[in-house]
Amino acid sequence: MICFVALIVFGIMGVFSAYYRRLAKEAFECVFRTVTLRPCDTGFDKKMKAKITGKLSKKSPKLGRVVYKHFAVFSWIMVVITLVSMVLSAQAVYNIIVYNNCNGPNSNEACVITGQGFNQVEEVKTCDCGFDTSNCTQEQAVECNYDCNCLEEICGAH
Amino acid sequence: MHIKEDFPVAQKVVYLDSACMSLKPLQVVNKIREYYEEYTACAGRSHHKLGERVTREVANARKSFQDLISARKPEEIVFTKNSTESINLVANSLSLKQGDIIITSDKEHNSNLLPWQFLSRKKGIKHIIVSTEGDFIANLEEKMNENVKLVSLAHTSNLDGTTIPAKEVIEIAHEHGALVMLDAAQSVPHKEVNVRRLDVDFLAASGHKMLGPTGTGVLYGKEELLEQLEPFIVGGDTVKNTTYESYEMMPIPEKFEAGLQNYAGIIGLGEAVKYLKKIGYKKIQAIEAKVNKGMTEAVIDLGGEIIGPVDYEKRSGIVSFIIKNTDVHQIALLLNELGRVMVRSGMHCVHSWFNAHGLRGSVRASAYLYNDEEDVEKFAETLEKVVKLVA
């Protein structure tokens, strides 16, 4: 199962590096054999297992041992996480195209792709300054120590 | 003199895969570079200064190898690509016919199995396998008869490092009128092999396992036998003269060395032989025994099962082992990952033996002259980590 995750991860990283393209190709061969109901005999899955558990056991032998023993379960978890994050990403991309926001219509929540919502001073917005603080940046808020008078001077009311 | 200093790779990693490929000393690398930088040319045919230098260097390499195995004449040394090609050369050049018997053991590398299986299909020769379990000599004698034309055996097994009693084997075969070929890919690099004392008819060796470059090998054959053999690859450099209807072959060894040769490799091999002679087989064997002792103890202490005899002195520089219920490739991959310890895993081109024994392979650590106690310590320490991880 780890080949599926590896194909996606290395496929994306392969856009930027030939090294990962080679790994992605190896992962693809393994995935192809698996989906055509043949055992993955390229050794790629074993290589990945050794790489992951080896690296983990250098940090924590205990954790390395647990992951080694339950590598199939670990692989499934990784597959599910990867699939879920792919679905969520696809949804976000759709929202951006349609609503120009990751989170769908009428949402003011932060969007990592557009950067929307990150520069606004939520702490200030929640308190009653008596004017619209949506133009104020975090830096300005810190500079003013969240003081409404100071903010009004710097970024002004609209 | 610290041998490791001549091997840059051995200083970076713990290299224990010498049964597959030996590392190369700087002397060999420099000799090859010298050929490419100073006298790249053809041997034997170009009479300019560079050509003559190559001819001389190739002749020196042939002479060096002749001395190494104590052959009578340099003409008895044929340069090939590797042991596999040497064995194939004999298999395809001997005039074998239907019903002729070829004997090999049950522990042969594919290179000394497939040529005979192919000839069984193509020419109808009979290929008989002798078991190495129990009394090998008795097993062999049982199979010998006047139809046996050749006994072709691995001198030292790449699977477990054991060496056959070659002298006895050759005597028995000769008593029955059969020729003997030794696959010496794992013996010539590690121990003294005297072809005259053994009275062996053919011997195959690989350069890449004895500090030489890849793509180099040797076939030794008794002069009178090589003269009788029909070359199976012919072309440039194998003939003195041709007309549209006829040809006149070169004498040995040239008649077997068709086409432009791997001069850089051959010259590098000559340098490798020189290096081996400088160190000496006694020292090499002492180093390997010491390293193998340490590796064997580590494997046994950690619950590993050794393939072949437990006594390390009977296994050259090789320790082949399994750890119950653990994939052999995982062990090798983790040794690499956790300690940069390079070993080989799998069936080591002896699939037939593993299949017959219901095993899926082994981990093979193989030492050579550049390994030392530090390597043994690292191997033991890393193997312990691996066993703890996978147990």
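The values are calculated or read from the model by the stated rules, or taken from the named source; none is laboratory data. Since we're looking at a predicted model, the values are computed, not measured. Cβ coordinates were reconstructed from backbone atoms using ideal geometry, including for glycine residues, and neighbour counts include every protein chain displayed. Ligands, DNA and RNA are excluded from the accessible area calculation, which covers all protein heavy atoms including side chains. Shrake-Rupley method; radii C 1.70, N 1.55, O 1.52, S 1.80 Å.
General observations
- Condition check for B:Asp100: charged (D, E, K, R) and in contact (Cβ under 8 Å) with a residue 40 or more places away in the chain: yes
- Residue under evaluation B:Asn139, criteria (1) farther than 23 Å from B:Ala71 by Cα; (2) out of contact with any helix residue (DSSP H, G or I) (no Cβ under 7 Å at 6 or more places or on another chain); (3) part of a helix (DSSP H, G or I); (4) open to solvent by less than 10 Å² (accessible area, probe 1.4 Å), criterion not met: (4)
- Residue within the stretch B:368-385 that is assigned to a loop (DSSP other than H, G, I, E, B), within 23 Å of the chain's Cα centre (by Cα) and within 14 Å of chain A (Cβ to nearest Cβ) present: no
- With respect to the conditions (1) in a loop (DSSP other than H, G, I, E, B); (2) modelled with pLDDT of 95 or more, B:Thr55 lacks only one, and its number is (1).
- When A:Val112, A:Val87 are checked against the criterion of being open to solvent by 90 Å² or more (accessible area, probe 1.4 Å) and either at pLDDT 80 or above or farther than 30 Å from A:Ala27 by Cβ (or both), a single residue qualifies: A:Val87.
- Counted as qualifying within the stretch B:155-272 are the strands (runs of 3 or more DSSP E) with 3 or more residues that are over 23 Å from B:Ser316 (Cβ atoms) and open to solvent by 10 Å² or more (accessible area, probe 1.4 Å), namely B:239-242, B:247-249.
- With respect to (1) over 23 Å from A:Gly11 (Cβ atoms); (2) within 14 Å of chain B (Cβ to nearest Cβ), the lone exception for A:Tyr99 is condition (2).
- Top-ranked residue of the stretch A:33-52 - restricted to ones that are more than 29 Å from the chain's Cα centre (by Cα) and either open to solvent by less than 30 Å² (accessible area, probe 1.4 Å) or of a type outside the set (Val, Ile, Thr) (or both), ranked as farthest from the other protein chains (Cβ to nearest Cβ): A:Leu37
- Screening B:Gln66 against (1) out of contact with any strand residue (DSSP E or B) (no Cβ under 8 Å at 6 or more places or on another chain); (2) free of Cβ contacts under 8 Å to residues at least 24 places away in the same chain leaves a single unmet condition, (1).
- Check on B:Ile252, more than 30 Å from B:Phe379 (Cα to Cα) and touching a strand residue (DSSP E or B) at 6+ places or on another chain (Cβ under 9 Å): yes
- Residue match in the stretch B:337-353 (condition: without any contact (Cβ under 8 Å) to a residue 12 or more places away in the chain and either of a type in the set (S, T, N, Q) or more than 13 Å from chain A (Cβ to nearest Cβ) (or both)): no
- Identity of the residue in the stretch B:73-114, touching a Lys or Arg at 6+ places or on another chain (Cβ under 8 Å) and either part of a helix (DSSP H, G or I) or of a type in the set (Asp, Glu) (or both), that ends up surrounded by the most Cβ atoms within 10 Å (Cβ to Cβ): B:Glu76
- Pairs with Cβ under 9 Å, 6+ apart, first in the stretch A:53-69 and within 7 Å of chain B (Cβ to nearest Cβ) and surrounded by fewer than 21 Cβ atoms within 10 Å (Cβ to Cβ), second not hydroxyl-bearing (Ser, Thr, Tyr) and not in a helix (DSSP H, G or I): A:Arg65/B:Ala391
- All conditions but one from (1) over 30 Å from B:Val350 (Cα atoms); (2) assigned to a helix (DSSP H, G or I); (3) open to solvent by 60 Å² or more (accessible area, probe 1.4 Å) apply to B:Val9; the one that does not is (1).
- Qualifying positions in the stretch B:115-127 - open to solvent by less than 10 Å² (accessible area, probe 1.4 Å) and among the aromatic types (Phe, Trp, Tyr): B:Trp116
- Selection count, the stretch B:39-58, where residues are under 14 Å from B:Gly268 (Cβ atoms) and surrounded by fewer than 16 Cβ atoms within 10 Å (Cβ to Cβ): 1
- B:Leu68 passes every criterion in (1) outside any helix (DSSP H, G or I); (2) of a type in the set (A, V, I, L, M); (3) open to solvent by 10 Å² or more (accessible area, probe 1.4 Å) apart from (1).
- Selection count, the stretch B:309-331, where residues are more than 8 Å from chain A (Cβ to nearest Cβ), of a type outside the set (S, T, N, Q), open to solvent by 10 Å² or more (accessible area, probe 1.4 Å) and under 14 Å from B:Leu389 (Cβ atoms): 1
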